[in-house]
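Report on the structure given below.
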């Protein structure tokens, strides 16, 4: 089964990133402004995208500052049953590059020596489809929004994730 996979370096602590992925305020700052969330396993996180569409995720695993795992239970047909995970690894740049040499391009652009690697997956897609392709691209935009929120205090949540930065 196909899956979406992204890796990015964020110049913020794993604790801060974890809060942005699990709290209502954090999720509203980078994904969708009207998100509702209680960061507890077994609760449902809701992500409205306008008045007529939303996604809901069941929180299946939380390891503070390390891992967030959801299962999509409501949304577009292709999303239902997919699992989403956000894995966080704290590193200094040297250790990061020893473990993840593929991250050299991103690491070279980081100012701080202490960074967090975010490894994102959305697995269990049934097929490669136009929806899969669009979501893969849009996840890159939202993960950039998460990075911006953590590093600058201002993300680019829906509906601004695709707009130019003018």
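The values are calculated or read from the model by the stated rules, or taken from the named source; none is laboratory data. Everything quoted here is computed from the prediction, not taken from an experiment. Positions of Cβ are generated from backbone atoms using ideal geometry, with glycine treated the same way; all protein chains shown enter the neighbour counts.
For the structure I just gave you, tell me whether residue 100 is in contact with a strand residue (DSSP E or B) (Cβ under 7 Å, 6 or more places away or on another chain) and either without any contact (Cβ under 8 Å) to a residue 60 or more places away in the chain or surrounded by fewer than 16 Cβ atoms within 10 Å (Cβ to Cβ) (or both).
No; evaluated as a whole, the condition is false for this residue.
Any residue in the range 127-139 that is surrounded by 20 or more Cβ atoms within 10 Å (Cβ to Cβ) and modelled with pLDDT of 95 or more?
Scanning the range 127-139, I find no residue that is surrounded by 20 or more Cβ atoms within 10 Å (Cβ to Cβ) and modelled with pLDDT of 95 or more, so the answer is no.
Keeping to the range 71-97, report how many residues are farther than 22 Å from residue 13 by Cβ and in contact (Cβ under 8 Å) with a residue 12 or more places away in the chain. Don't jump to the end; show me each part of the working.
First pass over the range 71-97, keeping only residues farther than 22 Å from residue 13 by Cβ: 71-83.
Checking which are in contact (Cβ under 8 Å) with a residue 12 or more places away in the chain leaves us with 71-76, 78-79, 81-83.
Summing the residues that are farther than 22 Å from residue 13 by Cβ and in contact (Cβ under 8 Å) with a residue 12 or more places away in the chain in the range 71-97 gives 11.
Is there a residue being at pLDDT below 95, part of a helix (DSSP H, G or I) and more than 16 Å from residue 19 (Cα to Cα) anywhere in the range 146-161?
no
Report, by residue number, each residue of the range 76-105 that is closer than 30 Å to residue 49 by Cβ and under 17 Å from the mean Cα position of the chain (by Cα).
Initial filter on the range 76-105 (closer than 30 Å to residue 49 by Cβ): 76-89.
Within the range 76-105, 79, 82, 83, 84, 85, 86, 87, 88, 89 meet the criteria.
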